[in-house]
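One structure is given below, encoded as structure tokens.
Laboratory data are not the source of any read-out in this text; all were calculated from the coordinates shown. Not measured: the values here are computed from a predicted model. Every residue, glycine among them, receives a Cβ derived from its backbone with ideal geometry; neighbour counts consider all protein chains shown.
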């Protein structure tokens with residue numbers, strides 16, 4: 001079975017500052033990795049995904065993430081955040097050889113302040 | 001942009017009652033899912049559905065749960081006899097195919113069991 005750990009439940013940051021949201025996973029098989037964002041009263045929206053190839057993946061809204069197999073990490077970064085980035089961010093994995101189910105982390109609430 | 005639609009946005013019910021949560025997946029998608037998130041906890045996989053049958057289910061998805069695609073557009077989750085611990089946000093998702101395909105999520109239905 002696979003699992004996902006998001007160590008930070010809340011991350012406060014000032015506008016235009018950089019941010020990193022941490023995600024570590026555990027799996028005995030190869031995985032696909034995802035970051036989803038949830039704005040208030042909305043569904044989960046895909047930010048970016050890692051399937052294979054280049055370990056640095058770029059997503060929407062200026063976010064990027066780097067897959068590190070040796071550290072089993074997939075941290076999300078943005079060089080300069082905006083007030084509108086305030087949301088809940090979820091890291092998720094699914095296995096490459098099996099079904100589609102996503103295993104999520106507990107989420108990180110990003111709060112961008114002026 | 002096509003989206004997954006869930007109704008109602010909030011459902012209040014008495015313990016022991018049956019509830020049906022409804023979802024309209026994206027029209028050309030073939031795989032459908034239900035997830036739930038108990039307040040303060042992880043988003044958890046419940047079930048996946050393909051070709052009019054369950055393809056995978058979690059241990060949470062016991063006999064009180066059932067899913068159905070009653071027509072060409074709707075996908076429903078039925079809880080036969082609700083318990084207090086069924087109170088959660090329920091998310092529907094759909095994808096074009098399995099594997100690395102992106103799952104698109106609805107905004108969720110908040111179920112409150114009193």
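Below is a table of values for the structure above.
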quantity	calculated
Whole-Å distance, taken between Cα centres, linking region B:8-67 and region B:86-110	9
Volume per residue that the Cα convex hull of chain A spans, once the total is divided by residue count, Å³	95
Highest-first arrangement of A:104-112, B:90-98, B:10-18, where packing means the average Cβ count within 10 Å	B:90-98, A:104-112, B:10-18
Peptide-level mean, for A:101-108, of C-beta atoms on other protein chains within 10 Å	6
Residue-averaged beta-carbon neighbours from other chains (10 angstrom radius) around B:42-55	3
Region A:23-39 and region A:40-112: distance between their alpha carbon centers, rounded to Å	7
Beta bridge orientation in the protein assembly as shown: antiparallel %, DSSP, nearest 5	90
Chain A - share of DSSP beta bridges that are antiparallel (%, nearest 5)	85
Estimated FRET transfer efficiency (residue B:78, residue A:60; beta-carbon r; R0 30 Å; 0.05)	0.30
